[in-house]
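These notes are about the structure you will find just below.
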Amino acid sequence: MKILFLVFHFPPISGGGVVVIVELANKLAELGHDVTVLTPELRWSGKQYNPLLNDRISVVRVSTSSSGNMKIAARRCYRPLKNKAKELASKEKFDFILTIFHPFHLAPKAAVDCAKKTGLPVIVKIDDAVYEKARGLKVIQRRIEKSINAKTLKSASRVLVMNDETKTLVANYYGVSINNMEIVPNGVEINRFYSKNEPSKKIIFSGVMYYHRGLDILLQAAPEIVKKIPDVEFILLGDGPELSKLEDIVKEKDLSKNVKFQGWVDREKMQDYLSVGAIGIGPLRATSVTKNALPIKVLEYMASYLPIIAWEQTLPYDILIDGKNGFAVKNSSELAQRIIDLLSDQKLRLEMGMESRTMVEKFDWKNIVEKIIREYNKCRSNILLE
């Protein structure tokens with residue numbers, strides 16, 4: 001098949017959402033499909049991500065005004081993406097259009113509007129469904145964005161969501177029919193990740209350091225952990241807007257011997273860092289962004305045989321089962337105690353890590369991509385019946 005894949009973010013831009021896009025494109029190509037990625041040309045000054053792309057993937061970049069300002073380019077990318085998509089569709093016999101939804105940008109609207117003009121099925125996979133609550137003038141902006149996004153999602157041939165909770169949220173917030181949604185979560189390249197299966201006192205976090213990730217809560221709990229386990233190490237992989245605040249907490253709490261800010265690590269080396277970890281840290285603050293989310297990092301922790309610790313009501317029920325493959329905590333004291341429990345009991349830690357690995361098997365990217373193809377086949381059958 002030939003697939004047109006419209007996205008806003010693409011390498012060399014880095015981040016979990018970009019990893020999802022690359023993994024989807026590569027796996028579709030590995031399964032024998034030709035993938036044309038259509039994306040805006042953006043100026044990016046952050047950490048660069050330059051993955052290997054399958055030979056069956058072609059990348060088309062379109063000029064976008066304000067390309068150095070993500071917030072403005074997120075809106076202005078709509079017209080050039082839509083026009084280029086229509087042009088490509090007139091030359092290539094695409095089977096369907098795939099796009100990734102985020103309330104931040106209008107790439108999905110371009111995909112849906114192109115599909116209307118060309119008669120192609122369009123599948124929208126939701127990454128993040130909603131924003132954090134806004135205040136002041138942003139409330140008006142959010143209402144406008146909600147209206148645009150609702151029309152986009154309701155016009156899609158199929159909408160793919162992470163889990164049942166997201167399905168309910170999207171139905172209630174955007175008015176999308178439950179019957180037009182299917183659960184297709186993110187995935188992980190299972191065979192890339194492993195464990196050295198050695199005694200470890202390393203607590204691992206990887207990703208962008210946003211407020212909703214709650215790393216400040218982890219560091220506030222750290223002194224209590226250090227008292228019981230002096231050689232514990234908190235390995236923080238990544239960067240982000242909270243970094244300076246976190247560095248201040250480390251100084252204030254005199255944790256420099258125990259907390260290591262590693263910065264961004266090469267994507268190809270991530271599995272090596274995780275392989276020597278003891279515990280993977282998921283979201284530690286429950287917000288509209290983190291509730292029932294499925295961060296790529298958590299799947300990678302699980303594939304690396306790590307037990308997971310996260311805040312209650314952040315991770316989906318089939319990702320973190322309290323007491324089975326980790327712990328769901330509700331305050332910093334409980335967070336500290338659960339970390340101490342796991343680091344003090346090697347047998348428990350290994351058993352929970354094995355549960356993580358077993359549970360994550362169904363999230364292999366091959367399985368996820370095959371689900372997307374099945375959803376396309378449903379769309380195609382519906383078109384033929386019409």
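The values are calculated or read from the model by the stated rules, or taken from the named source; none is laboratory data. Not measured: the values here are computed from a predicted model. Note that each Cβ is placed from the backbone with ideal geometry, even for glycine, and that neighbours are counted across all protein chains shown. These area figures cover heavy atoms from the full protein model, side chains too; ligands, DNA and RNA do not enter into them. Shrake-Rupley method; radii C 1.70, N 1.55, O 1.52, S 1.80 Å.
For residues in segment 216-248 being among the small types (G, A, S) and at pLDDT 95 or above, which is most open to solvent (accessible area, probe 1.4 Å)?
S244
Say we look at segment 358-372 and pick out the residues that are open to solvent by 50 Å² or more (accessible area, probe 1.4 Å) and not acidic (D, E); which of these is farthest from the chain's Cα centre (by Cα)?
T358
Could you check segment 252-291 and list, in sequence order, the residues that are in contact with a Pro (Cβ under 7 Å, 6 or more places away or on another chain), surrounded by fewer than 18 Cβ atoms within 10 Å (Cβ to Cβ) and either β-branched (V, I, T) or closer than 11 Å to I204 by Cβ (or both)?
none
Scan segment 34-45 residue by residue and report those that are open to solvent by less than 30 Å² (accessible area, probe 1.4 Å) and assigned to a loop (DSSP other than H, G, I, E, B).
Our first condition is that a residue be open to solvent by less than 30 Å² (accessible area, probe 1.4 Å); within segment 34-45, this holds for 35-40, 42.
Across segment 34-45, the qualifying residue is only L42.
Could you tell me whether segment 179-193 includes any residue that is within 30 Å of I229 (Cα to Cα) and either touching a helix residue (DSSP H, G or I) at 6+ places or on another chain (Cβ under 8 Å) or assigned to a strand (DSSP E or B) (or both)? If you could, list the steps in order and put the result at the bottom.
Within segment 179-193, the first condition is being within 30 Å of I229 (Cα to Cα), and the residues that meet it are 193.
Imposing the further condition that a residue be either touching a helix residue (DSSP H, G or I) at 6+ places or on another chain (Cβ under 8 Å) or assigned to a strand (DSSP E or B) (or both) reduces the set to 193.
Yes, because at least one residue in segment 179-193 is within 30 Å of I229 (Cα to Cα) and either touching a helix residue (DSSP H, G or I) at 6+ places or on another chain (Cβ under 8 Å) or assigned to a strand (DSSP E or B) (or both).
Please determine, by comparing only the residues of segment 314-357 that are more than 20 Å from S206 (Cα to Cα) and of a type in the set (S, T, N, Q), which one is surrounded by the most Cβ atoms within 10 Å (Cβ to Cβ).
By that ranking, first place goes to Q337.
Looking at segment 169-178, can you tell me whether even one residue there is at negative phi, touching a Lys or Arg at 6+ places or on another chain (Cβ under 8 Å), assigned to a helix (DSSP H, G or I) and at pLDDT 95 or above? So that I can check it myself, show each step before the final result.
If we filter segment 169-178 for residues that are at negative phi, which is where we start, we get 169-174, 176-178.
Right, trim to touching a Lys or Arg at 6+ places or on another chain (Cβ under 8 Å) and you get 173-174, 176-178.
Those left that are additionally assigned to a helix (DSSP H, G or I): 173-174, 178.
Still in the list and also at pLDDT 95 or above: 174, 178.
Yes, segment 169-178 contains a residue that is at negative phi, touching a Lys or Arg at 6+ places or on another chain (Cβ under 8 Å), assigned to a helix (DSSP H, G or I) and at pLDDT 95 or above.
Based on this model, can you work out whether T99 counts as at pLDDT below 95, buried (at least 18 other Cβ atoms within 10 Å of the Cβ) and touching a helix residue (DSSP H, G or I) at 6+ places or on another chain (Cβ under 6 Å)?
For T99, the condition - at pLDDT below 95, buried (at least 18 other Cβ atoms within 10 Å of the Cβ) and touching a helix residue (DSSP H, G or I) at 6+ places or on another chain (Cβ under 6 Å) - is not met.
Take segment 56-112 and flag every residue that is hydrophobic (A, V, I, L, M, F, W, C), farther than 25 Å from R374 by Cα and not in a loop (DSSP other than H, G, I, E, B).
Result: V60, V62, M70, I72, A73, A74, L81.
Evaluate segment 6-17: report whether one residue or more is farther than 22 Å from V161 by Cβ, outside any strand (DSSP E or B) and either aromatic (F, W, Y) or in contact with a strand residue (DSSP E or B) (Cβ under 6 Å, 6 or more places away or on another chain) (or both).
Yes: segment 6-17 contains one or more residues that are farther than 22 Å from V161 by Cβ, outside any strand (DSSP E or B) and either aromatic (F, W, Y) or in contact with a strand residue (DSSP E or B) (Cβ under 6 Å, 6 or more places away or on another chain) (or both).
Check V298 against each of (1) over 15 Å from the mean Cα position of the chain (by Cα); (2) in a helix (DSSP H, G or I); (3) of a type in the set (V, I, T); (4) under 16 Å from G207 (Cα atoms) and name the one condition it does not meet.
(1)
For segment 63-76, state whether one or more residues are surrounded by fewer than 16 Cβ atoms within 10 Å (Cβ to Cβ), closer than 16 Å to L4 by Cβ and modelled with pLDDT of 90 or more.
Looking through segment 63-76, none of the residues is surrounded by fewer than 16 Cβ atoms within 10 Å (Cβ to Cβ), closer than 16 Å to L4 by Cβ and modelled with pLDDT of 90 or more.
What single numbered condition from (1) under 21 Å from the mean Cα position of the chain (by Cα); (2) part of a loop (DSSP other than H, G, I, E, B); (3) more than 30 Å from R142 (Cβ to Cβ) fails to hold for L236?
All conditions are met except number (2).
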